[in-house]
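Asker: Here it is, the structure, as structure tokens.
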Amino acid sequence: MTANQLTLWYLVASVCFILALKGLSSPLTARRGNYFGIAGMTIAVLTTIAVVARGRVDLILMAMLLGGTLGAIVARRVQMTQMPELVAAMHSLVGMAAVLIAVAAVNHPASFGVADPLPTGNKLELFIGTFVGAITFSGSVIAFGKLAGLGKHFRLFSSAPVVFAGQHWLNLALALVMFGFGAAFFLAADKAWTPFAAMTAIAFVLGVLIIIPIGGADMPVVISMLNSYSGWAAAGIGFSLNNAMLIIAGSLVGSSGAILSYIMCRAMNRSFISVILGGFGAAEGAAAVGAEQKAVRSGSAEDAAFLLGNAENVIIVPGYGLAVARAQHAVKEIADMLAQKGVNVRFAIHPVAGRMPGHMNVLLAEAEVPYDQVFEMDDINGEFGTTDVVLVLGANDVVNPLAYQKGSPIFGMPVLDVHKARTVLVNKRSMATGYAGLDNPLFYMDKTMMVFGDAKKVVEDMLKALH
């Protein structure tokens with residue numbers, strides 16, 4: 001394959017990736033965006049195989065077959081509620097791939113078409129790609145553990161922030177030492193394995209220290225941040241290997257992840273710079289004093305169905321509990337039933353509901369809820385004051401009015417103004433706090449009725465009552 005042909009095919013693949021990102025910006029075009037992404041990656045892989053056709057293509061195909069088989073098995077087995085953990089795991093693999101490629105390039109530059117000894121420019125690029133990849137790997141492993149609830153087995157995976165005195169100063173000192181070893185690697189005349197290995201090891205440690213102080217409520221932002229890191233790691237290695245496809249694809253992932261992180265930070269009233277540095281994991285709030293002694297008004301699914309059936313306007317707020325119960329199809333049925341009775345039904349989606357951006361949107365799309373019934377927070381928040389009944393299904397932190405209370409750990413975080421509705425129905429398994437560890441005053445209001453139980457069973461019972 002000539003250089004011009006290589007450039008042309010990589011350009012076509014890059015255009016497909018751009019169109020994929022464009023398509024994924026809206027639920028209406030998301031499927032088409034996925035098709036463009038698949039096409040772009042197929043072209044990129046086939047073009048790369050063609051470039052190395054004279055090499056050990058058999059080994060490449062064997063690795064692809066093994067990886068593809070494992071990926072297919074995981075994809076078929078993973079539940080929708082486990083998607084955030086899966087995304088974190090995939091980010092870790094991208095980070096480790098960047099590190100391993102950098103190690104191979106330092107060990108034998110000629111195999112990658114790089115001069116030996118390594119030019120200083122390539123050393124700088126390898127240094128950047130290596131430390132970003134290492135931070136991405138270890139940070140993603142910690143994020144996976146937090147999302148998977150492994151804190152009961154290992155303290156570092158706790159959903160609550162893991163903090164200690166002088167933590168940020170330690171991070172700063174390690175970062176300076178890491179850059180010092182990177183400079184030694186950059187300036188050395190030989191391969192300088194010692195400073196390279198030390199720099200890589202410190203980067204792995206930094207990845208852990210950056211993520212452990214971040215609490216559960218902020219994990220959706222962490223996911224998008226690590227997504228950005230993985231892209232920049234790939235782009236850095238792409239410069240070292242003079243591979244335009246890696247540079248373009250990595251830059252697209254890195255920049256889109258950074259933009260998403262910025263949007264998420266604004267949605268949660270967080271500092272973007274603090275997110276990048278891993279320093280915004282404020283201490284989790286404890287449950288309100290005496291919360292266990294507060295009285296709540298509880299009712300049955302039949303009571304809830306009566307209120308829903310006699311309302312004119314209903315807003316349904318889905319949360320992580322809905323995903324755990326896999327109740328999205330039952331919710332679609334109850335929305336259709338209410339619509340047949342003349343009730344105006346809408347869905348309100350908080351930008352960080354669930355464990356990752358778009359989690360609830362994907363669930364509702366899977367159940368074929370019409371897109372025109374699904375509203376983002378900014379578009380529907382002003383409607384709660386005139387809504388008869390709000391049905392909250394497994395959501396907690398995103399409807400917590402403590403966000404308006406100074407001194408609260410979530411103060412300033414935009415929430416759905418459910419507390420302004422005339423009547424609020426909340427389905428939860430128990431009165432346990434949400435992922436942020438905060439008690440929710442909404443549950444104790446006179447206008448609120450708690451309906452305890454598994455979301456799917458409760459909604460199905462509501463359907464029977466409505467019939």
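Asker: Quick check: residue separation of R429 and A72 times 0.36 nm, minus the Cα distance between them. What number comes out in nm?
Answerer: So the chain would gain 125.2 nm between R429 and A72.
Asker: May I ask you to list the residues of the stretch 41-83 whose amide nitrogen lies under 12 Å from a point 7 Å from Cα along the Cα→beta-carbon direction of N4?
Answerer: The answer is none.
Asker: Next question, about the same structure. Hey, any idea what % of the stretch 119-218's accessible area is carbon plus sulfur with a 1.4 Å probe?
Answerer: So the carbon and sulfur contribution to the accessible surface is 78 percent.
Asker: Which one, Q79, T120, A98, projects farthest toward the positive side of the charge dipole computed for the stretch 34-162 from Cβ point charges (K/R +1, D/E -1)?
Answerer: With unit charges placed on the Cβ atoms, the residue in question is Q79.
Asker: Additional query: If you take the square roots of the eigenvalues of the alpha-carbon gyration tensor of the stretch 15-75 and sort them as a ≥ b ≥ c, do you get rounded (a/c under 1.5), prolate (a/b over b/c) or oblate? Could you put the intermediate results ahead of the total?
Answerer: Details: a/c = 5.38, a/b = 1.71, b/c = 3.14.
Oblate, because a/c is 1.5 or more while a/b does not exceed b/c.
Asker: Please give the solvent-accessible surface of M1 in Å², to the nearest 10, using a probe radius of 1.4 Å with every protein chain present.
Answerer: 110
Asker: Using the basic label-point model (7 angstrom from Cα toward the beta carbon), what is the A367 to A189 distance in nanometres?
Answerer: So the label points at A367 and A189 sit 7.0 nm apart.
Asker: Considering only DSSP beta bridges with both partners in the chain, what is the antiparallel share in %, to the nearest 5? Spell out each step's value before the answer.
Answerer: Numbers: 0 of 23 bridges.
Here the antiparallel bridges make up roughly 0 percent for the chain.
Asker: Still on this structure, I have one more. With a Förster radius of 22 Å, plug the Cβ-Cβ distance of V103 and A244 into 1/(1 + (r/R0)^6) and report the FRET value to the nearest 0.05.
Answerer: The pair V103/A244 has a calculated efficiency of 0.45.
Asker: What value, in deg cm²/dmol to 500, does the helix sum -39500 (n - 2.57) over DSSP H runs of n ≥ 4 give at 222 nm once divided by the residues of the chain? Please list the in-between numbers first.
Answerer: Values: 16 runs with 263 residues, N = 467.
When only DSSP H runs of four or more count, the value is -19000 deg cm²/dmol.
Asker: Roughly how many Å² of R326 are accessible to a 1.4 Å probe, to the nearest 10?
Answerer: Number for this one is 140 Å².
Asker: While we're on this one: Is the shape of the stretch 45-193 rounded, prolate or oblate, going by the alpha carbon gyration tensor and its root eigenvalues a ≥ b ≥ c, with a/c under 1.5 for rounded and a/b larger than b/c for prolate? Mind dumping the intermediate values first?
Answerer: Numbers: a/c = 3.67, a/b = 1.12, b/c = 3.27.
Taking the square roots of the gyration eigenvalues as a ≥ b ≥ c, the stretch 45-193 is oblate.
Asker: Would you mind calculating the gained length between F164 and D336 on full extension (0.36 nm times residue separation, minus the Cα-Cα distance), in nm to one decimal?
Answerer: Between F164 and D336, full extension yields 56.8 nm more.
Asker: To continue, here is another question. Please report the relative contact order for the chain, taking Cα pairs under 8 Å with a sequence separation of at least 6, and give it as a percent rounded to a whole number.
Answerer: 14
Asker: Right, another one. Which entries in K22/K146; K22/K428; K294/K428; K294/K464; K146/K332; K332/K428 show an alpha-carbon gap greater than 27 Å?
Answerer: Over 27 Å apart, Cα to Cα: K22/K146; K22/K428; K294/K464; K146/K332.
Asker: Label-point separation (nm) for A53 and N34, each offset 7 Å from Cα along Cα-to-Cβ?
Answerer: Each label point lies 7 Å from its Cα, and together they span 3.3 nm.
Asker: In nm, what is the difference between 0.36 nm times the number of residues separating T386 and R297 and their Cα-Cα distance?
Answerer: Taking T386 through R297 to full extension adds about 29.8 nm, to one decimal.
Asker: Between D378 and V208, what is the label-to-label distance in nm when each label sits 7 Å out along the Cα-to-Cβ direction?
Answerer: About 4.0 nm, to one decimal.
Asker: Over the residues of the chain, compute the C-alpha Rg and express it relative to 2.2 N^0.38 Å. The partial results should precede the final answer.
Answerer: Details: Rg = 24.9 Å, N = 467, 2.2 N^0.38 = 22.7 Å.
Cα Rg divided by the expected 2.2 N^0.38 Å: 1.09.
The values are calculated or read from the model by the stated rules, or taken from the named source; none is laboratory data. These numbers were taken from a predicted model, which means no experiment stands behind them. With ideal geometry, Cβ positions are generated from the backbone for all residues, glycine too; neighbour counts draw on all protein chains shown. These area figures cover heavy atoms from the full protein model, side chains too; ligands, DNA and RNA do not enter into them. Shrake-Rupley method; radii C 1.70, N 1.55, O 1.52, S 1.80 Å.
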